[in-house]
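Engineer: Please read through the structure below; I'll follow up with questions.
The values are calculated or read from the model by the stated rules, or taken from the named source; none is laboratory data. The model shown is predicted, which means the values in this text are computed figures rather than measured ones. With ideal geometry, Cβ positions are generated from the backbone for all residues, glycine too; neighbour counts draw on all protein chains shown. When the accessible area is computed, the model is the full protein with side chains, heavy atoms only, and any ligands, DNA or RNA have been set aside. Shrake-Rupley method; radii C 1.70, N 1.55, O 1.52, S 1.80 Å.
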Amino acid sequence: MTMRRKRIIWLLGIAGLALLSGGFVLLRRGGDVTPVEVATVGREDLQAKVTANGKVQAQKRVDVSALIAGQITRLAVNEGDRVRKGQFLLQIDQVNPRAMARSNEASMEALRRDLESARATLEQTRADFRRADANHRAGIIPEADFDKAHTAMAAAQAAAEAAQRRVDQASAVLAGSQDTLRKTTIVAPIDGVVTARPVEEGEVAVIGVQNSPGTVLLTISDMSVVEAEMEVDETSIPSVKVGQEAVVRIDAYPNQSFSGVVTEVGSSPISGTAAGSTDAIKFKVKVRIKNPPADIKPGLSVQADVLTGFRARALVVPIQALVVRDVERKPGAAPPPNAPREQEGVYLMAAGGKARFVPIQTGLMGDLSVEVRGGLRGGETLITGPFRALRALHPGDAVAVAKPKPGDETGGQGGPHG
């Protein structure tokens, strides 16, 4: 039996004890007959679901952070404004980045002039070398003058190449400074709504350093696709799968429900609920809301029922009728390896007014009923309560249907379940 089912049975037990302490008095007739409540095992459509709470958020959301440090000199949007991709949002002080870009641009221009001069010198030395080579072949100039012309040409070529490298370096520095200047102007990265604006004009934006995050200037959310981020208990997460349908209720829109579908199921616990924490362990589940209201906002509280299974005309019993007993074994008999110590079942009212325990195999669990996959056929008389009497029963105990309370028109005999 799963831990979730044990927890539900335990909670039902607490609720039953509370009811008993509120005024129920267990009676016995003749001292050995236990009055009980009964119902007939039947069939009904069973819907299994997992209920969880969470918050609304946009499926696509961007936190716009500062890429350079500086004072915010202009803010063009407010929280709640709709923006288009590329739209101007805010300006960070441009004085120093602009001055640096202009300085690098001037240096670049000076180096280009040096490169032009070096190339002109190289062309002149190449022409001198060609004349010297011709004169040397004709025997007009000595070997020393020829070597001198060759050396001058080689030096000029090296100077031109060095000038080109300096120009390339300056070009890279200029591109970097121009990029820094562009980053002082913040534009919208996506279409959406400004859902947070934690800064004001005049504040100083700080960039992130190693593990320290930078200033988040704005948050832009694309509210065209909205999802509910839920926290699901560890006992329920195995039954939640991507693609399952869900029914979503938003606190801000009472008496309305919205259809949804599970798009993501977390594979690790939410931070702060892992092993060693005293809090319940929960997993993140995202449910896309198919038909959200046009004016929905992120951060609204939601509750979602994830529909984890459905069985038409399932054989069912009430959850409160489930009993967990130790497996009976013959005295001295060793249990088989990995044999369960407990078994799940129900008590039936057998012929002659005797209680009979029947182990059952269960399946889907609904709000009040659980599916029976084996052990019952339907039509049996099932003992459903009271809680204290049900938990104190033993196989073979004498039982009788409890007399109706004053003002109770239905009495203890339940109708066919389903």
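Engineer: According to the square roots a ≥ b ≥ c of the eigenvalues of the Cα gyration tensor, what is the shape class of the range 208-261, taking rounded for a/c under 1.5, prolate for a/b larger than b/c otherwise, and oblate for the remainder?
Structural biologist: Oblate is the answer for the range 208-261, as a/c is 1.5 or above yet b/c matches or exceeds a/b.
Engineer: What lysines could a cross-link reach from K354, if we take a straight Cα to Cα line under 30 Å and drop same-chain neighbours fewer than 8 places away?
Structural biologist: K6, K330, K403, K405
Engineer: Share of the chain's accessible area from carbon and sulfur, percent, 1.4 Å?
Structural biologist: Exposed carbon and sulfur together represent 51 percent of the surface.
Engineer: Calculated from DSSP H runs of 4 or more alone, at -39500 (n - 2.57) each and per residue, what is the 222 nm mean residue ellipticity of the chain, nearest 500?
Structural biologist: Helix-only estimate at 222 nm: -9500 deg cm²/dmol.
Engineer: Looking at the square roots a ≥ b ≥ c of the eigenvalues of the Cα gyration tensor of the range 175-310, which shape do they give, rounded for a/c under 1.5, prolate if a/b is larger than b/c, or oblate?
Structural biologist: Prolate shape, in that a/c is at least 1.5 and a/b is the bigger ratio.
Engineer: Is the shape of the range 345-389 rounded, prolate or oblate, going by the alpha carbon gyration tensor and its root eigenvalues a ≥ b ≥ c, with a/c under 1.5 for rounded and a/b larger than b/c for prolate?
Structural biologist: oblate
Engineer: What is the chain's relative contact order, in percent, from Cα pairs under 8 angstrom and six or more apart in sequence?
Structural biologist: Over the chain, the number comes to 28 percent.
Engineer: Whole Å is fine, so just give me how far the alpha carbon centre of the range 41-63 lies from that of the range 147-164.
Structural biologist: When both Cα centres are located, 78 Å separates them.
Engineer: How high is the FRET efficiency between V247 and V324 when r is their beta carbon distance and R₀ equals 35 Å, given to the nearest 0.05?
Structural biologist: 0.70
Engineer: Could you work out the percent of alpha carbon pairs in the range 91-184 separated by over 20 Å, rounded to a whole number?
Structural biologist: 55 percent
Engineer: Taking only the C-alpha atoms, wrap a convex hull around the range 42-91 and report its volume per residue in Å³ as a whole number.
Structural biologist: 170 Å³
Engineer: With a cut-off of at most 15 other beta carbons within 10 Å, and DSSP calling the residue loop, which GluC sites (Glu not before Pro) in the range 78-185 qualify? Please list them.
Structural biologist: Answer in residue order: E79.
Engineer: What accessible area per residue comes out for the chain, rounded to a whole number of Å², with a 1.4 Å probe?
Structural biologist: Per residue, the chain has 57 Å² of solvent-accessible surface.
Engineer: Based on alpha-carbon atoms only, what is the radius of gyration of the chain relative to the globular estimate 2.2 N^0.38 Å?
Structural biologist: For the chain, the normalised Cα radius of gyration comes out at 1.87.
Engineer: Now for a separate question. Taking every pair of alpha-carbon atoms in the range 114-240, what share in percent sits in each 10 Å bin, from 0 to the bin with the longest distance?
Structural biologist: Reading upward from the zero bin: 10, 17, 15, 13, 11, 10, 9, 8, 4, 2, 0.
Engineer: Measure out, as a whole number of angstrom, how far apart the alpha-carbon centroids of the range 228-245 and the range 337-351 sit.
Structural biologist: A separation of 30 Å, based on Cα centres.
Engineer: When Lys and Arg each count +1 and Asp and Glu each count -1, what net charge do the other residues less than 13 Å away from E200, Cβ to Cβ, add up to?
Structural biologist: Result for the local shell: -1.
Engineer: Rounded to the nearest 5, what % of the DSSP beta bridges within the chain are antiparallel ones?
Structural biologist: Looking only at bridges with both residues in the chain, the antiparallel portion is about 95 percent.
Engineer: Return the loop-located trypsin sites (Lys or Arg not before Pro) in the range 282-348 (DSSP other than H, G, I, E, B) with at most 15 other Cβ atoms within 10 Å of their own Cβ; answer none if there are none.
Structural biologist: Counting only loop positions with at most 15 other Cβ atoms within 10 Å, the trypsin sites (Lys or Arg not before Pro) in the range 282-348 are K290, R329, R341.
Engineer: Tell me the accessible surface of K354 in square angstrom (1.4 angstrom probe, heavy atoms of protein chains only), to the nearest ten.
Structural biologist: K354 has an accessible surface of roughly 90 Å² with all protein chains in place.
Engineer: Next question. Using Cα positions and a limit of under 17 Å, work out the lysines in reach of K183, with same-chain residues fewer than 8 apart set aside.
Structural biologist: Here the lysines satisfying the reach criterion relative to K183 are K85.
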